[in-house]
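Please treat every number below as a calculation from the coordinates, not as lab data. On a predicted model such as this, the values are computed, not experimentally measured, just so you know. Every residue, glycine among them, receives a Cβ derived from its backbone with ideal geometry; neighbour counts consider all protein chains shown.
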Amino acid sequence: MRPESPGEIPPTRLEARWPIMAAIVVILTITLLRPADLRVGPAWLLPAFEVVLLAFLLAAHPAHLGRRAAWLRALSMAVVAVVLADTLAATVRLVDELIHGGNATNSADKLLAAGALVWSGNVLAFALLYWLVDSGGAAVRAHHPGPHPDLAFPQQLSPEIAPPGWRPQFLDYLYLSLTSSAAFSPTDVMPLVPWAKIAMAAQSLISIAVLGLVIARAVNVFT
């Protein structure tokens with residue numbers, strides 16, 4: 001076994017790629033299942049971007065350092081920005097259809113399915129955003145964690161409850177995104193910098209709009 005160089009993180013402590021890749025595959029599936037009225041551009045366009053992001057993750061481990069990793073992170077952030085823009089556009093279209101009526105809102109089953117797809121897409125897209133941006137990204141968090149994180153997890157605020165060298169991984173950011181969308185506010189993770197506060201506030205507002213309007217319209221259709 002190759003000896004570790006000073007300051008190097010053992011391979012077993014590097015973040016697993018499969019949860020991130022699984023999330024991208026789920027987003028890809030959601031995009032393909034989304035009703036045509038809630039799509040922006042050709043049906044193949046966004047899935048193509050998501051396949052590119054999946055290829056980036058296959059090409060290099062997100063926690064590796066180096067110029068290549070920096071370029072891959074920058075490109076990944078660009079792709080995630082496109083995914084986020086698409087999910088936001090789908091949210092706007094869904095809200096517009098809920099207010100003015102449309103094909104997806106005439107049937108309670110179709111409405112609930114469309115709402116679930118849009119809501120789930122937002123949860124996964126924001127999880128990727130938090131994972132990519134927090135404290136400089138996965139590579140910085142793994143090799144050179146700073147004393148002041150952008151998002152403060154309980155294990156960082158109370159190190160005694162976590163194993164030595166604990167760092168947030170994608171599943172932690174997915175849980176953060178899920179609770180932000182379900183509770184409409186921070187739960188156990190606190191945003192400490194402006195971008196994190198803006199992102200979590202936007203996610204909460206989106207979730208309130210989608211869940212509130214979808215449930216209200218579904219009840220109206222059922223009755």
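Using the Kirkwood radius built from alpha carbon pairs, what does the Stokes-Einstein equation give as D for segment 114-211 at 4 °C and 1.567 mPa s, in µm² per second?
Values: Rh = 13.8 Å.
The diffusion coefficient I find is 94 µm²/s.
How much net charge surrounds Phe153 when only the other residues with a Cβ under 10 Å from the Cβ of Phe153 are counted, with Lys and Arg +1 and Asp and Glu -1?
Numbers: positive: Arg167; negative: Asp134, Asp172, Asp188.
Counting the neighbours of Phe153, the net charge comes to -2.
Classify segment 15-222 as rounded, prolate or oblate from the Cα gyration tensor: take a ≥ b ≥ c as the square roots of its eigenvalues, call it rounded if a/c is under 1.5, otherwise prolate when a/b beats b/c and oblate if not. Walk me through the numbers on the way to the answer.
Details: a/c = 2.60, a/b = 1.55, b/c = 1.68.
Because a/c hits 1.5 or more and a/b fails to exceed b/c, segment 15-222 counts as oblate.
On full extension of the chain, what length is gained from Ala36 through Ala16, given 0.36 nm per residue of separation minus the C-alpha to C-alpha distance?
Values: separation 20, 0.36 × 20 = 7.20 nm, distance 3.43 nm.
That pair, Ala36 and Ala16, stretches by 3.8 nm at full extension.
Over segment 15-222, what is the relative contact order in whole percent, taking alpha-carbon pairs under 8 Å and six or more residues apart?
It comes to 24 percent, rounded to a whole number.
Listed highest first by mean packing, meaning other Cβ atoms within 10 Å per residue, what order do 173-184, 70-81 come in? Provide the component values of the computation, followed by the final result.
Details: 173-184: 19.8, 70-81: 16.9.
The packing order, highest mean first, is 173-184, 70-81.
Say each of Ile208 and Ala48 gets a label point 7 Å from the Cα, pointing the same way as Cα to Cβ; how far apart are those two points in nm?
In this crude label model, Ile208 to Ala48 measures out at 3.8 nm.
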